[in-house]
1. For segment 82-108, give me the residue count where each residue is surrounded by 19 or more Cβ atoms within 10 Å (Cβ to Cβ) and among the aliphatic types (A, V, I, L, M).
2. Looking at segment 441-453, can you tell me whether even one residue there is surrounded by fewer than 14 Cβ atoms within 10 Å (Cβ to Cβ), under 28 Å from the mean Cα position of the chain (by Cα) and farther than 24 Å from residue 313 by Cα?
3. Answer yes if at least one residue in segment 320-335 is of a type outside the set (Asp, Glu) and under 30 Å from residue 157 (Cβ atoms), and no otherwise.
4. Within segment 113-138, which residues are of a type in the set (A, V, I, L, M, F, W, C) and surrounded by 20 or more Cβ atoms within 10 Å (Cβ to Cβ)?
5. Report whether or not residue 152 is under 30 Å from residue 97 (Cα atoms), modelled with pLDDT of 90 or more and surrounded by 15 or more Cβ atoms within 10 Å (Cβ to Cβ).
6. Among the residues in segment 324-331, are any aliphatic (A, V, I, L, M), farther than 26 Å from residue 237 by Cα and surrounded by 16 or more Cβ atoms within 10 Å (Cβ to Cβ)?
7. Name, by its number, the condition in (1) touching a residue at least 60 places away in the same chain (Cβ under 8 Å); (2) in contact with an Asp or Glu (Cβ under 7 Å, 6 or more places away or on another chain) that does not hold for residue 302.
8. Give me the pairs: first residue in segment 328-355 and in contact (Cβ under 8 Å) with a residue 40 or more places away in the chain and not assigned by TED's automatic domain parsing to the domain that holds residue 412, second residue outside any helix (DSSP H, G or I) and of a type in the set (Asp, Glu), beta-carbon distance under 7 Å, and six or more apart or on different chains, which are they?
Amino acid sequence: MASPWGATNIERRRLLQTLGLAVYNLQGDSVPGEADYSATVRLRLDADFGVNGHLEGAQQGGETDYSVAGGSRYIPGLREAPLDLMYAYVEGRNVASGWLGFRVGRQYVSDVLGWWSFDGALLRVTTPYYVQIEAYGGLEQRGGLPLSTSRFEQQGIWRGNHRGFGDDRTLPGSAADYPSYQEAQIAPAFGVALESAGPSFVHGRLTYRRVYNMGPSITRQFPDRDGNVQTTDGSRISQDRLGYAADVNVPAIGGLKGGVTYDLYNQLVGSFFGGLEVYAGSRVTLGADVDYFVPTFDADSIWNWFTHDPITTITGRAAVDITREVDVAASGGTRMWIAEGNPEEFGAGQCRAAQLGPDCVGTTTLDPSSDSDLEDYARDEENRATTITTDVLANLAGRYRTRTTSVELRGMLQTGERGRRTGADLSGERRLSGQRYALGARVSLYNWADPLRPDRDATSFGYVLGAGYRPGEFADFKLEWEHDMNRLVGQRFRVVGLVNLRVAP
């Protein structure tokens, strides 16, 4: 993996493995409409054999061992083979004549507030009045805790286990070495939701979620004169959010969807989206979408003190089935990046305010808290007027399909002041001998450019050749050869084998 500046490369070689187990009908024979119980578990192992791979001699193993080279290469929280218990729960459905359902254990919640995971219990009440009530509570899944990942936390905090490095073994642990690395603690959480349960053409869900931070949190980047690190302790808000989403779909007419989230801690609308789809006859579908997003962070995060402005994407789309074999689709629109102040001029203005000339950007540290003129410049509303940078987005796809042949062409474009990314790929597959055998190929050409890093501009070409064999309904074998090339990475090769087996009782 190359750094954004191209000067540092980190070797990685990852192997992802998942293992799942599900047991159904724990109650015995299944009876339609009666209570049934099940248990489900899934594990994920993200082994990375490239960790420590670039370190040699006295630094060997230094990325994961603090005792090597005085901890100069140590990366807190980095593990060679982190084991993630994705979910593990017991579920009951149609309990109490269909009124109740429950889950106990580690589980996911997915709604307008996003994907979220917790350890605890969920209770669902389904009424005969097209309304479903849901309540859940427990502990948010967090990185640094056993069998956990940070994937579902609010952004803006670096957490983990502090054992094994630094001189300070007390909480918050090794703070003087890595003050940004917060000690992982349990995070109590609860939520409620009100959801429609009935007509298939309409669905809505109103949801609320609150999570608490516990234990000590480091509040200053540097120790004081006595070497102590300033912290805060006790129960406090991590996230406090409310959201609603609904969609309506009427066959032969169209669909309408929308949603909004509100961040009660930051007191702002964190996101909203809307979409309209029209079925203009049996062969044409037209649509339009808008998506608005403001980055929000864990309430303990320093990023809450900085400005964070919205990103808005507006697109239109159309899909046409020209014949039974040929269809085309296209979409296009804009993405608007909003900032407080003009990024192109703000730095130069600070240099002038500090009487250092307009060319001090990147060569001089400017601290408004130590200079009244700099502080006045930063607080002047005229210098903080909203600016918008716009990207143009476009996608085009066409496909030809028969029972034995398929050909697909896809192209995309994203361009604006901040850079460009564009390209296309053509793929095809031919099935032979009653679909027992398959031959496939794909060729692609992409180009990208970044005005801030012109040395990273490149054009990439790649192709894939593949073959498949299907001896029967129970098995499917595929093998692919891939070759990609550009001036940044040179020549890259990959062989992918895929085996699908279907086992019936």
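1. 1
2. Yes, that holds for at least one residue.
3. There is at least one residue in segment 320-335 that is of a type outside the set (Asp, Glu) and under 30 Å from residue 157 (Cβ atoms).
4. Result: 113, 116, 118, 122.
5. no
6. yes
7. It is condition (2) that residue 302 fails.
8. From segment 328-355, the pairs are 334/391; 335/391; 338/309; 339/309; 340/309.
The values are calculated or read from the model by the stated rules, or taken from the named source; none is laboratory data. Worth saying up front: this structure is predicted, and the values here are computed from it rather than measured. Virtual Cβ from ideal backbone geometry, glycine too; neighbours counted across all protein chains shown.
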